[in-house]
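Scroll down for the structure; my scribbles are underneath it.
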Amino acid sequence: MPANGLGVFVVTQKFDPHVDRVLPILKHRGVPFFRLNTDDFHADYAVSTTPEMGGVHIRDAWGRSVAFPDDVAALWYRKPVPPAPPKPVTDEEAARVVAAETAEFLASLWSLPVPRRINDPAANERAARKLPQLALAARLGLRIPRSIVTNDPAEARAFVAGLPAAAACKSLKAYGYRDEAGERFIFARRVEPAEFAAAAETVALCPTLLQEYVEKDHELRVTIIGARTFCCRIDSQSAAEATTDWRRADPFALPHRIVPLDPTVERALRAMMEVHGLLYGSFDLIVTPAGEIVFLELNPNGQWLWVEMMTEAPMAEAMADLLTGSGP
């Protein structure tokens, strides 16, 4: 990035097709950018700063450099991951110290003032929490599933007994893990009354999120990128493995199409983003067989590329517009 040439600073990882889709658009527009892949931080980047500088000089292994934040008009905080430890560090305790110090440095870097953040990392973290999301959505007039978080089996039994049918059990935070069978994720599960009765005492082991199971006609993935709103209908009930949580299925096997969004719902979603200081966000909504829209969750840093690939919606162009402060 040329000195004093205001551009885009992208924080992500080596494998990020979203960034790979947007950077050629910025290049075509003549917008300077600098990409920092945090997984290769120790191998590919050199940094230096002093209190007097008020910023950080960053160089990569290919001779590119940037003065952060002086050269930066927009920070795109995409999908950074913890850096791999430097190869000479083999002691486990030393590796933990290096990881902690590096994380603290990077957190300090993201805290420096930048005119536009998509999104502020601290705002992402706050906005991703499901309990405040549900409370805010309800205050803004959106229908939410009846919900409880408890580690009291008696409270959980009373809640489930009051539901008209099955319950849904969800994690409070998105988790993935790896075992001998490969990579796994924790998805939402439909829990019938008999299954819940057999496992109710395990609620005491951990605060557990239970909701009423809301029957679906289809689902909506609403992606708001600056001034643009992309509402994608996903026919999740067309595949058995997707009926409870469409993420269990191959999304490319499910019908997708861009549809209009109820203006009242859109205003509420945008109000949620404004409360959290977000310029970008993706939302998961249910449309019931009766046509009622039910809020599920906000992902402040969610994926959108598969929607563009399935529908040809110009989402990468919209992201480039947001990063450069252009467009509608």
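What to note about this one:
- Table column - 3J(HN,Hα) (Hz), the range 59-75, Karplus curve with 6.51, -1.76, 1.60, x for Gly and Pro: 10, 9, 5, 9, x, 7, 8, 8, 9, 9, x, 4, 8, 10, 9, 9, 9
- Expected 222 nm ellipticity per residue - DSSP helices of 4 or more, -39500 (n - 2.57), all of the chain, to 500: -9000 deg cm²/dmol
- The chain, relative contact order [Cα under 8 Å, separation at least 6], %: 18
- Charged side chains reduced to their Cβ positions (Lys and Arg at +1, Asp and Glu at -1) give the range 1-156 a dipole of some 980 debye around its Cα centre.
- Carbon plus sulfur fraction of accessible area for the range 39-176, probe 1.4 Å, in percent: 57
- Helical segments meeting 15 Å axial Cα length and Kyte-Doolittle 0.0 threshold in the chain (DSSP H): 92-110
- Each Lys and Arg adds +1 at its Cβ and each Asp and Glu adds -1 at its Cβ; summed about the Cα centre, the range 197-328 shows a dipole of about 240 debye.
- With all protein chains kept in place, the per residue accessible area of the chain amounts to 50 square angstrom at a probe of 1.4 angstrom.
- 36 Å tail of the calculated P(r), the chain, as % of Cα pairs: 28
- Given a 1.4 Å probe and the protein chains as shown, GLU317 ends up with an accessible area of around 80 Å².
- Max mean-square fluctuation residue, GNM over the chain, Cα-Cα springs under 10 Å, options VAL19, VAL259, VAL307: VAL259
- Restricting the range 58-109 to chymotrypsin sites (Phe, Trp or Tyr not before Pro) in coil, as DSSP defines it, with at most 13 other Cβ within 10 Å: TRP62
- Cα-based convex hull volume of the range 40-149 per residue, rounded to whole Å³: 165
- Only Lys, Arg, Asp and Glu carry charge here, each on its Cβ (+1 for the first two, -1 for the last two); on that basis the chain has a dipole of about 680 debye about its Cα centre.
The values are calculated or read from the model by the stated rules, or taken from the named source; none is laboratory data. Because the structure is predicted, anything quoted here is derived from the model rather than measured. Using ideal geometry, Cβ is built from the backbone for each residue, glycine included, and neighbour counts are taken over all protein chains shown. All accessible areas refer to the heavy atoms of the entire protein, side chains included, with ligands and DNA or RNA removed. Shrake-Rupley method; radii C 1.70, N 1.55, O 1.52, S 1.80 Å.
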